[in-house]
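First comes the structure, then the notes that go with it.
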Amino acid sequence: MDLTGLSHLFVTVFLSGFASFTVVPSITDVTMLALCPGQDECSLAIYLTGCQQAIIGLGAMIITPLIGNLSDVYGRKELLTLPMTLSILPLVIMAYSRTTSFFYAYFFIRTLTAMVGEGSINCLALAYVADKVPDGQRASAFGILAGVGSAAFVCGTLVARFLSTAATFQVAAVMSMIAAVYMRVFLKESIPNGDGLRQPMLNGTPHGDLEKTTTQAFKRIPSIGDLICLMKSSTTFSQATVVSFFNGLAEGGIIASLLYFLKARFHFNKNQYADLLLIFGVAGTISQLLFMPMLAPAIGEEKLLSIGLFMSCTNVPYAATVFSIFTVFVQPSIRSIVSKQVGPTEQGKSQGCIYGISSLANIVSPLIFSPLTALFLSEEAPFRFPGFSIMCIGFATMIAFIQSIMIWGVPPSHKTDNKQTTEA
């Protein structure tokens, strides 16, 4: 499999991911210090984080499919510019100061920018890969792309382990700027369907033509009806959306509850978060870069998806690190399954829609798991079970696993259509 045409994309994803992941081990301590100084348990922090996650999910559910669809018209690189530029702003705020007032400014700006950038960068990167890689090699290519993201996660977390909190945000801000500049300078535009872009978004064009093309593009914004149509046209696509929803519900629950659970029960600090995340990240990177490219052609992404979800049902810190070798198969497998169900000019739309489903789960998830976590970590819990929310997250993953074993290796719908057209 020749991936030389994707090298600049991989570098872009790595730099962008490095900037994002570097601050993950620190943000819980920063939040607790700004909202509840000197405390290891803070319901306000849990609820505020859950509220932010729900708002970001709501925005991403609407904006990510839009950006994916526009990228089918204007190209992947042009649309990547927006989320990568916006992601710089909140990091710069925290790099300057982490006092309570600056934290609230960061919280507000981060919420707005994440609506655009939370899933758009990954969505556009997947569509870019789909443009360049044939169907038979796509699962492996998606796995390698995810492995690059995991490598960025490992490197960012490792750097955070040895930097102060202030230096962490400063490094992240600089790296996010470098990522945006690198992307604009070196990444070549991807051309959906191989026939040239219908209209460059950033280059000079006659005003009337640009307005006409933009109007046509916005008329093609994927709606609920488009999603329903996609689900009806492919049983495999509809099954993948169900899996994506419940897996997103579980992943959102982990984001909303796990770090605060570890802080309250085991008094975790930045370095301990970093150590735990490093173990997950190293295992995931090795698995996605080495094992998935070998296993995907041999057993198929459907089986890899089921294996990953089954292992994801275990949510025990440290003990679950062994299983993270398998859990990282989930997202690349879902994206590859979906990618094979649509044509080359619908890759952005399909990836955006499937991320929209995950975003819907991210809206619902904190509304369930944030109150549940706060309740069972408090003295007012109906019974003593601090990890009750973690167990419920495992149940959500189990539902996704049960649905995944019903997905069979259905031939790609657009291949079938193309064959029929040729015969006609």
#### Entry: Flagged links, alpha-carbon separation over 24 Å, of Lys77/Lys232; Lys303/Lys340; Lys132/Lys232; Lys188/Lys303; Lys188/Lys232
Lys77/Lys232; Lys132/Lys232; Lys188/Lys303; Lys188/Lys232
### Task
Would you mind getting the accessible area per residue of segment 1-189, heavy atoms of the protein chains only, 1.4 Å probe, in Å²?
37
#### Entry: Accessible carbon and sulfur surface of segment 290-410 relative to its total accessible area, %, 1.4 Å
73
### Query
Magnitude of the Cβ-charge dipole of segment 222-410, K/R +1 and D/E -1, about the Cα centre, nearest 20 debye?
80
### Task
Please give the per residue accessible area of segment 222-410, computed with a probe of 1.4 Å over protein heavy atoms only, in Å².
40
#### Entry: Within segment 1-189: Cβ-based charge dipole about Cα centre, in debye rounded to nearest 20 (Lys, Arg +1; Asp, Glu -1)
300
### Summary
Rounded to the angstrom and largest first, Cα extents along the principal axes for segment 79-192 equal 51, 28, 23
#### Entry: Solvent-accessible area, 1.4 Å probe, carbon plus sulfur percent, for segment 1-94
73
### Query
Over all directions, what mean area does the Cα convex hull of segment 265-311 project, stated in square nanometres?
4.2
### Task
With label points built 7 Å along Cα→Cβ from the Cα atoms of His267 and Ser97, find their separation and express it in nm.
3.2
### Message
For Ser43, what accessible surface area do you get with a 1.4 Å probe? Give it in Å², rounded to 10.
### Response
50
### Query
Under a point-charge model restricted to the Cβ atoms of Lys and Arg (+1) and Asp and Glu (-1), what is the dipole moment magnitude of segment 1-101 relative to its Cα centre, in debye to the nearest 20?
200
### Task
Compute the relative contact order of segment 222-410 as a whole-number percentage, counting only Cα pairs closer than 8 Å that sit 6 or more residues apart in sequence.
41
### Query
In terms of the Cα gyration tensor, with a ≥ b ≥ c the square roots of its eigenvalues, is segment 42-84 rounded because a/c is under 1.5, prolate because a/b exceeds b/c, or oblate?
prolate
### Query
If we count every other residue with Cβ under 15 angstrom of Ile55's Cβ, Lys/Arg +1 and Asp/Glu -1, where does the sum land?
0
### Computed over segment 1-189, the ratio Rg/Rh where both radii use C-alpha atoms and Rh is Kirkwood
0.99
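The values are calculated or read from the model by the stated rules, or taken from the named source; none is laboratory data. Keep in mind it's a predicted model, so treat the numbers as computed, not measured. Cβ: placed from backbone, ideal geometry, glycine included. Neighbour counts: every protein chain shown. The accessibility values were calculated without ligands, DNA or RNA, using every heavy atom of the protein model including side chains. Shrake-Rupley method; radii C 1.70, N 1.55, O 1.52, S 1.80 Å.
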